[in-house]
Amino acid sequence: KQEVTQIPAALSVPEGENLVLNCSFTDSAIYNLQWFRQDPGKGLTSLLLIQSSQREQTSGRLNASLDKSSGRSTLYIAASQPGDSATYLCAVGFNKFYFGSGTKLNVKP
Amino acid sequence: DAGVIQSPRHEVTEMGQEVTLRCKPISGHDYLFWYRQTMMRGLELLIYFNNNVPIDDSGMPEDRFSAKMPNASFSTLKIQPSEPRDSAVYFCASSTPGLAGGGETQYFGPGTRLLVL
């Protein structure tokens, strides 16, 4: 079974800082990796999807990379804002996705 | 599109009662997923369907749980009888198969918050 780990579990940074969230997985034979955002009491919103043939995806201030050989993905957030405060989850799989436990991000004004 | 629709949004019931959660996926999406989220176990996939057919139900915790998808626009997750440990947030998500068949972005509903007393 695929195990997905996210470090750190929580992160607090001042507004404007660039930051990196980490995701590691045990089975490198993954197909897709997704990063999601979850606001308190809400559902998940997909941020970026990296398919197995890709190495990274970018959307605005977000950049996600995928290194299958090392079993790692990173989500880079540039110039963080208080509105970025949320829990970020990564998920790996092929239709059936395994989720990490998330990193709770707090961006202080 | 209204996105994935789930009902009810909140459900409080007593142990032993039957609970039915409902989901309407995004029109045109071939895949439908049911997840459960708890503080202890995080987000877990319970079951998923492709073209209304259950593909993988290995995450369904017990025989008390059952899921159906009678048509492309409706699915139910039923718990009978319910127990306090079933208390969680249940999410429904849908997606298209994508170019490589490996799944495109999953779109999540707002979830049903279930409390079993």
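The values are calculated or read from the model by the stated rules, or taken from the named source; none is laboratory data. These numbers were taken from a predicted model, which means no experiment stands behind them. Every residue, glycine among them, receives a Cβ derived from its backbone with ideal geometry; neighbour counts consider all protein chains shown. Just the protein is used for accessible areas: all its heavy atoms, side chains included, with ligands, DNA and RNA removed. Shrake-Rupley method; radii C 1.70, N 1.55, O 1.52, S 1.80 Å.
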Tally the residues that are within 14 Å of another protein chain (Cβ to nearest Cβ) and either in contact (Cβ under 8 Å) with a residue 40 or more places away in the chain or surrounded by 15 or more Cβ atoms within 10 Å (Cβ to Cβ) (or both), restricting the search to the stretch B:56-81.
4
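Where residues in the stretch A:60-70 are outside any strand (DSSP E or B) and of a type in the set (S, T, N, Q), which of them is farthest from A:I7 (Cα to Cα)? Break it down into steps so the answer makes sense when it comes.
Taking the stretch A:60-70 as the starting set, the residues that turn out to be outside any strand (DSSP E or B) are A:60-61, A:68-70.
In the following step, the residues that additionally are of a type in the set (S, T, N, Q) were identified as A:69-70.
Working: A:S69: 19, A:S70: 15 Å.
Out of the qualifying residues, it is A:S69.
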Looking only at the stretch A:27-60, which residues are free of Cβ contacts under 8 Å to residues at least 60 places away in the same chain and β-branched (V, I, T)?
A:T45, A:I50, A:T58
Between a residue in the stretch B:3-22 that is under 16 Å from B:V116 (Cα atoms) and any residue that is open to solvent by less than 40 Å² (accessible area, probe 1.4 Å) and assigned to a loop (DSSP other than H, G, I, E, B), which pairs come within a Cβ distance under 6 Å, given they are 6 or more apart or on different chains?
B:T13/B:S82; B:Q17/B:S82; B:V19/B:S82
Does B:G111 fit the bill of being at pLDDT 95 or above and either at positive phi or open to solvent by 60 Å² or more (accessible area, probe 1.4 Å) (or both)?
yes
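When you scan the stretch A:30-40, do you find a residue that is away from chain B (no Cβ under 14 Å) and of a type outside the set (F, W, Y), even just one? Full working, then the answer.
Here is the first cut: in the stretch A:30-40, the ones away from chain B (no Cβ under 14 Å) are none.
No, there is no match, as no residue in the stretch A:30-40 is away from chain B (no Cβ under 14 Å) and of a type outside the set (F, W, Y).
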For the stretch B:1-31, how many residues meet the condition of being modelled with pLDDT of 95 or more and in a strand (DSSP E or B)?
13
Within the stretch B:84-96, is even one residue open to solvent by 30 Å² or more (accessible area, probe 1.4 Å), out of contact with any helix residue (DSSP H, G or I) (no Cβ under 6 Å at 6 or more places or on another chain) and within 14 Å of another protein chain (Cβ to nearest Cβ)?
yes
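Yes or no: A:K108 open to solvent by 50 Å² or more (accessible area, probe 1.4 Å) and within 14 Å of another protein chain (Cβ to nearest Cβ)?
Values: open to solvent by 50 Å² or more (accessible area, probe 1.4 Å): yes; within 14 Å of another protein chain (Cβ to nearest Cβ): no.
Judged against the criteria, A:K108 is not a match.
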Report, by residue number, each residue of the stretch B:15-33 that is within 24 Å of A:G102 (Cβ to Cβ) and within 12 Å of chain A (Cβ to nearest Cβ).
B:C23, B:Y31, B:L32, B:F33
Considering only the stretch A:83-94, state which residues are surrounded by 18 or more Cβ atoms within 10 Å (Cβ to Cβ) and within 14 Å of chain B (Cβ to nearest Cβ).
A:A86, A:T87, A:Y88, A:L89, A:C90, A:A91, A:V92, A:G93
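Specify which of the listed residues (A:S80, A:S24, A:S101, A:S73) is outside any strand (DSSP E or B), touching a residue at least 40 places away in the same chain (Cβ under 8 Å) and either among the charged types (D, E, K, R) or open to solvent by less than 50 Å² (accessible area, probe 1.4 Å) (or both).
A:S80
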